[in-house]
Amino acid sequence: MTGFEIAGTTPPYLHHAPTSIRARHGFFGTAGGVSSGLYDSLNCGYGSNDDPALVAQNRGRAAAAMGLAADRLAAVYQVHGTDVVTAREGAPEDRNQLVRADGLVTTGRGLGLTILTADCLPLLLVDAGAAVIGACHAGWRGAAAGIVDTTLATMRSAGAGPVTALIGPTIRQPNYQVGLEMRDEVLAQTAPKIRDAARACFIADIPGKLRFDLAVLVALYLRQAGVETIHDCGLDTYAASEAPGTDSLNFFSHRRATHASDPDCGRQIAMISLPSSAG
């Protein structure tokens, strides 16, 4: 949690304060929205069964907390892949009109790149010159297949220098039980240079089960790609963790909802933007 703090806005969000000087960003949780029931309350996912009008209001609230208009939020239809888009404008509200991809990059100012998660890992990126930003949705499939690499490559093609990476709230190893077949699939897709290190992301659990560390796998990919500055908030979406010394910030968790036999689950939003003018 070093350097991370919760901004006292409505809705509140977690950010890495030193990095916010270069790019305003926020990892939002469940608080500060208008939805109710299973989606209480800042559900920003059009893919849920929540009322789309309420989702739109929630996204608008999150945008406003970042100093952005709701129509200045760029988004993709996330598919657990490795494709990345260069964002130049805000996204339509109709999810089916979005490009299928899992990463976004922009040099545009005053444009928010957004990622939705409910256990997967939201990764926000900014270069040292505060000229290029990126964001990607790193579930285990996309992370193993290389979404981190393709996002960084797109940033560098846009002129990015050294990159700072921010790892947001995600399901953490103590609560991420997986089967042996998932480990085999991850390792089969993982880049050969880090495959041995990736094996250590899995620790033995009960017979036939393992506990998986998604954040460590993403960090391995970041370091292999030359990213030296990585800040991990360390928060667990399943555990609805509290940031030490702050008010609590809870998160949607697909796995927790499944274990509770809930019929659906909300999505939290992560967002990053360059200031409207350079400097």
query: Antiparallel DSSP bridges in the stretch 12-116: what percent, to the nearest 5?
result: 25 percent
message: For Thr237, what residues show an amide H to amide H distance below 5 Å, using hydrogens built from the backbone and excluding near sequence neighbours?
response: Thr170, Ile171, Arg172
Gaussian network model of the chain, Cα within-10 Å springs - most flexible of Gly134, Gly37, Gly226: Gly37
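Remind me, relative contact order of the stretch 161-279 in percent, using alpha carbon pairs under 8 angstrom and six or more residues apart?
Details: 145 pairs, mean separation 34.9, N = 119.
Relative contact order of the stretch 161-279: 29 percent.
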message: From the phi angles alone, apply the Karplus equation (6.51, -1.76, 1.60; θ = phi - 60°) to the stretch 85-90 and give each ³J(HN,Hα) in whole Hz, x where the residue is Gly or Pro.
response: 10, 8, 8, 10, 8, x
query: Which one of Pro52, His137, Ala153 is farthest out on the positive end of the charge dipole of the chain, using unit charges on Cβ (Lys, Arg +1; Asp, Glu -1) and the Cα centre as origin?
result: Ala153
task: Only bridges with both residues in the chain count here: give the DSSP antiparallel percent, nearest 5.
output: 75 percent
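Calculated FRET efficiency, Ser276 and Gln97, Cβ-Cβ r, R0 30 Å, to nearest 0.05? Before the final figure, lay out the partial values.
Working: r = 26 Å, r/R0 = 0.87.
It comes to 0.70.
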message: Please give the charge dipole size of the chain, origin at the Cα centre, charges +1 on K and R Cβ atoms and -1 on D and E Cβ atoms. Round to the nearest 20 debye.
response: 520 debye
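Could you work out the local net charge near Val216, counting Lys and Arg as +1, Asp and Glu as -1, over the other residues with Cβ closer than 12 Å to its Cβ? Don't jump to the answer; show the numbers that get you there.
Numbers: positive: Arg172, Arg199, Arg211, Arg223; negative: Asp213, Asp232.
Taking every other residue near Val216 into account, the sum is +2.
To make sure I understand, if each residue's beta carbon is the centre and we count other beta carbons within 10 Å, what order do Ser35, Ser273, Ser261 fall in, fewest to most? Kindly include the intermediate steps, with their values, before the conclusion.
Values: Ser35 20, Ser273 27, Ser261 6.
Fewest to most other Cβ atoms nearby, the residues stand as Ser261, Ser35, Ser273.
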task: Provide the FRET efficiency to the nearest 0.05 for the Ala53-Ser261 pair, computing r from the beta carbons and using R0 = 22 Å.
output: 0.20
field: Rough spin-label spacing in nm, given labels placed 7 Å along Cα→Cβ, for Asp196 and Arg109
entry: 4.8 nm
statement: Comparing Gly208, Gly179, Gly112 in a Gaussian network model of the chain (Cα, 10 Å), the one with the largest mean-square fluctuation is Gly208
- line: HN-Hα couplings for the stretch 115-132 via Karplus (6.51, -1.76, 1.60; θ = phi - 60°), in whole Hz with x for Gly/Pro, come out as 10, 9, 8, 8, 1, 4, 9, x, 10, 10, 9, 8, 8, 5, x, 6, 10, 9
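Please report the net charge: other residues with Cβ closer than 10 Å to the Cβ of His254, K and R +1, D and E -1. If you can, show how the numbers build up before the last one.
Values: positive: Arg255, Arg256, Arg267; negative: Asp119, Asp262, Asp264.
Taking every Cβ under 10 Å from that of His254, the sum is 0.
How much length, in nm to one decimal, is gained on full extension between Ala158 and Leu187, taken as 0.36 nm per residue of separation minus their Cα-Cα distance? Walk me through the numbers on the way to the answer.
Values: separation 29, 0.36 × 29 = 10.44 nm, distance 3.04 nm.
Here the segment from Ala158 to Leu187 would lengthen by 7.4 nm.
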- prompt: Near the amide H of Tyr13, under 5 Å away, which other amide H atoms are found, from residues 5 or more places off or on another chain, if H is placed in the peptide plane?
  reply: Ala7
- request: Of the options Ala240, Gln189, Val216, report the single residue whose Cα projects farthest towards the positive end of the charge dipole of the stretch 165-279 (beta-carbon charges: Lys, Arg +1; Asp, Glu -1).
  value: Gln189
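Throughout, read-outs are computed from the coordinates displayed, never taken from laboratory work. Model, not experiment: these values are computed from the prediction. Using ideal geometry, Cβ is built from the backbone for each residue, glycine included, and neighbour counts are taken over all protein chains shown.
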